[in-house]
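Just so it is clear, none of the values below were taken in a lab; they were calculated from the coordinates. A quick note: this is a predicted structure, and the numbers were derived from the prediction, not measured. Backbone-built Cβ (ideal geometry, glycine too); neighbour counts: all protein chains shown.
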Amino acid sequence: MKIESASRQNETALKNIGLDRRGMIHYLRRDWQLYLLLMIPLAFVLVFKYAPMSGLILAFKNYKIAKGFWGSEWAGFEIFREIFAKHDFGRAVRNTIMLNGLDLLFSFTMPIVLALLLNEIRSVRFKRINQTLLYLPHFLSWIIIGAIAYQLLSESNGAINNLIAMMGGDRIPFLQEDTHWLISYLAIGVWQSMGWGTIIYLASISSINPEMYEAAIVDGAGRWRKVWNVTLPSIRVTIVTLLIMNLGKVMEGSFERVFALQNKATTEYTVTIPVLVYRWGIESGNFSRATALGLFQAVIGLVLVLAADRIAKKLGEDGLL
Amino acid sequence: MKTSGSTLAVYRKRRFDIWDVLIHLSLLIASLACLLPFLHVVSKSLSEDAFVIANKVFIWPEGFTLGAYEKIFADDSIIRSLYVSVLVTVLFTVLGMIITICAAYPLSRKQLKGRTVLTFIFMFTLYFSGGIIPEYMLINNLGMLDTIWSIILPPAFSAFNLLIMKTALSSSIPDSLEESARIDGAGHFRILVSIVIPLSKPIIATLSLFYAVGRWNTYQDALFYIKQNVDLRPLQLKLYYLVIQASESFQLESTQVSLSNPEVLKASCVVFATLPIICVYPFIQKYFVQGVMLGAVKE
């Protein structure tokens, strides 16, 4: 036992002065069981995550099914030039950034407001029932949400339009006209995520030192002063970190959300990058073009995440990586 | 924390002002906004066609009938989808947990040589991937298109869940505990099976639910990979095709009114597909909240 701990100490001492000369064999012998365990997940990652990356070569080739992956001719950046010139490409980029940007404006702020409101509730039971109901939409698939949305918002027989018509108003094409669709899309996003998003803020609020509030009360602070001067500054770090994380994701897009809510009547805002990749690649079989578009998105996404991480670290936060 | 709540309550108890009323009211509205859509769909599914066609059903069934559900249970393809979904979810969850534990335990041990590099290999997949088409071609090349393996194997490794598991293991299993087990002659396998897994039951439960609910709800990969073999469509994808029909029939609406009403059937399909989640929701909610907190520790 003594020997073991002594050798451990020795090891760390050696490591500290950079003299750990023991070969990999020593560690393999000592921890072979750990390495063996790692083989399983490693195999999965290599096959299903890294192997597809080699398929990105398609973006630089003129892929023809008859010629196969290797037989197809190299195209350099020709495919990229081709997609940049497409009308759909510009629209998809605009839509992706716009939908995510507007989401950031509404879906990001709503949980903060809700968390502050929930924090003002004293009755534990009222709070718990509210939380249970508010978390519920997060557990539903986008298909179910989309189906419910059509049940409620359809122009000719949706429940909300029925209500409007009953009260003598005009039916509104919530999901069947471009601008209305955009607003519905955003509202449904807020609805789906507002409750779930409060969890992190509520946790952050609950760790505020209660003495801060007591001191504020002694200083004569009312309800809103306490929120403004104690609660909000205390959760600022959480807000900033989450904001930066979300900014890094502005080029990503939920395929499932757009796809479940789209329909043939609205085409202006429903074409986002992942949807276009699906249409070009899987529906039309133009693999090179779709791969190039996917790669374009992935590279910009990676750059944005790295930039977000850098900014977070500069601001003194933990960073994301 | 609890005591602080009560001291604050003493300060506040004296007044219940207009703001309190407004705050309660706005939360009530938000919660109702989450609840009423379901009530409406459930009511519709239990109503008679005539009332639904007349647009008279809101949040209470009119002319109560279970007819639509009888049709669903008589429809083999829907029941088959449910079966596929259950099978896929169970297999996927078990496989996902095995992979996560096999990766998280070694990576949470500080003594593991090459830990940084290995961790990077796993975590990099969180930020960059081949994308839809290269993955599609891989599945195609492996001959997994139109099999259930195409929606079980590729997503079984989740870097995000690994991150949570790793964080939980390195904080809940102290190195000293492991060291003393080693001195007693236990190998890593033994430590994993008789110490680490029993001690991490809560986090294993949480992550299993992450995997299970995630798999149950995702339809994107099934949409891509299960094309010809319609028998293998999971429930969500099946529902998608019903929704698609709904959106495609928008233009034909005026001509379709005379036909038997599909709205009731659609509503009952939605309820049918939501029910499994609603049934387990009260029990799993708490685990999910814990999972979110663990994920937030390092992100």
Check: What is the spread of the Cα atoms of segment A:197-321 along each of their three principal axes, largest first, in whole Å?
Finding: 69, 36, 20
Checklist line | Other-chain or far-sequence residues with amide H under 5 Å of B:GLY130's (modelled H) | finding: A:MET53
Next item on the list: Please compute P(r) over all alpha-carbon pairs of segment A:78-314, binned at 5 Å starting from zero, and give each bin as a whole-number percent.
Entry: 1, 6, 11, 13, 14, 14, 12, 10, 8, 5, 3, 1, 1, 0
Next item on the list: Once you've got the GNM for chain B with C-alpha springs shorter than 10 Å, pick whichever of B:ASN140, B:ASN217, B:ASN55 has the biggest mean-square fluctuation.
Entry: B:ASN55
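About the Cα centre of segment B:110-250, how large is the charge dipole given +1 on each Lys and Arg Cβ and -1 on each Asp and Glu Cβ? Please answer in debye to the nearest 20.
Magnitude of the dipole: close to 240 debye.
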Margin query: Using C-alpha positions alone, give me the convex hull volume of the protein assembly as shown per residue in cubic angstrom.
Written below: 202 Å³
Notebook entry, point to check: With chain A treated as a Gaussian network of Cα nodes joined by springs under 10 Å, which of A:LEU163, A:LEU114, A:LEU186 yields the largest mean-square fluctuation?
Noted result: A:LEU163
Note to self: I'd like the FRET efficiency for B:ASP75 and A:ILE97, computed as 1/(1 + (r/R0)^6) with the beta carbon distance as r and R0 of 56 Å, rounded to 0.05.
What the structure shows: 0.85
Note to self: Between 0 and 90 degrees, rounded to the nearest ten: what's the tilt of helix B:132-141 against the longest Cα principal axis of chain B?
What the structure shows: 80 degrees
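Using the C-alpha gyration tensor of segment B:1-154, what are the square roots of 5 times its eigenvalues, in whole angstrom, with the largest one first?
Details: eigenvalues 390, 277, 43 Å².
Each semi-axis is √(5λ); the values are 44, 37, 15 Å.
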Checklist line | Debye log10 I(q)/I(0) at q = 0.23 Å⁻¹ for segment B:98-178, Cα point scatterers | finding: -1.08
Notebook entry, point to check: Using the Karplus equation 6.51 cos²θ - 1.76 cosθ + 1.60 (θ = phi - 60°), what ³J(HN,Hα) coupling, rounded to whole Hz, does each residue of segment B:198-214 give in order, writing x for Gly and Pro?
Noted result: x, 6, 10, 3, x, 6, 5, 4, 4, 5, 4, 5, 4, 4, 5, 5, x
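Under unit Cβ charges (Lys, Arg +1; Asp, Glu -1), what dipole magnitude, rounded to 20 debye, does chain B have relative to its Cα centre?
1320 debye
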Note to self: Can you compute the modelled spin-label distance between A:SER54 and A:VAL240, with each label point 7 Å from Cα toward Cβ, in nm?
What the structure shows: 4.5 nm
Next item on the list: Could you pull out every residue, at least 5 positions away or on a different chain, whose amide H is within less than 5 Å of the one on A:LYS61? Hs are placed 1.01 Å off N in the peptide plane, and Pro or chain starts have none.
Entry: A:ALA75
Margin query: I need the P(r) histogram for segment B:152-220: all alpha carbon pairs, bin width 5 Å from 0 out to the longest distance, whole percents.
Written below: 3, 14, 22, 20, 15, 12, 7, 4, 2, 1
Next item on the list: Take the Cβ-Cβ distance between B:GLN228 and A:LYS264 as r, set R0 to 22 Å, and report the resulting FRET efficiency rounded to the nearest 0.05.
Entry: 0.35
Notebook entry, point to check: For the residue pair B:ALA54 and B:MET123, what label-to-label distance in nm results when each label sits 7 Å from Cα along the Cα-to-beta-carbon direction?
Noted result: 6.3 nm
Checklist line | chain A: DSSP helices with Cα axial extent of at least 24 Å and average Kyte-Doolittle hydropathy no lower than 0.5 | finding: A:287-314
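Hey, what did chain B get for relative contact order, percent, Cα under 8 Å, at least 6 apart? Present the calculation step by step, with values, prior to reporting the outcome.
Numbers: 250 pairs, mean separation 83.2, N = 299.
This gives 28 percent for chain B.
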Check: If you take all C-alpha pairs in chain B, what percent of them are over 28 Å apart?
Finding: 57 percent
Note to self: On a full-extension model of 0.36 nm per residue, what is the gain between A:ILE183 and A:LYS64, subtracting their alpha-carbon distance, rounded to one decimal in nm?
What the structure shows: 38.7 nm
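Give me the mean projected area, in nm² to one decimal, of the convex hull enclosing the Cα positions of segment A:131-234.
Details: hull surface 38.8 nm².
For segment A:131-234, the mean projected area of the Cα convex hull comes to 9.7 nm².
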Checklist line | Placed amide H near A:SER141: partners under 5 Å, 5+ positions off or other chain | finding: none
Check: Helix B:76-108 versus the longest principal axis of chain B: what is the Cα-based angle in degrees, 0 to 90, to the nearest 10?
Finding: 20 degrees
Note to self: Under a crude label model (7 Å from the Cα following the beta-carbon direction), how far is A:SER207 from B:SER176 in nanometres?
What the structure shows: 2.4 nm
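For segment A:78-314, with only Lys/Arg (+1) and Asp/Glu (-1) charged at the beta-carbon, what is the dipole magnitude about the Cα centre, in debye rounded to 20? Can you show the working numbers first?
Numbers: 21 positive and 17 negative charges, 109 e Å.
For this selection, approximately 520 debye.
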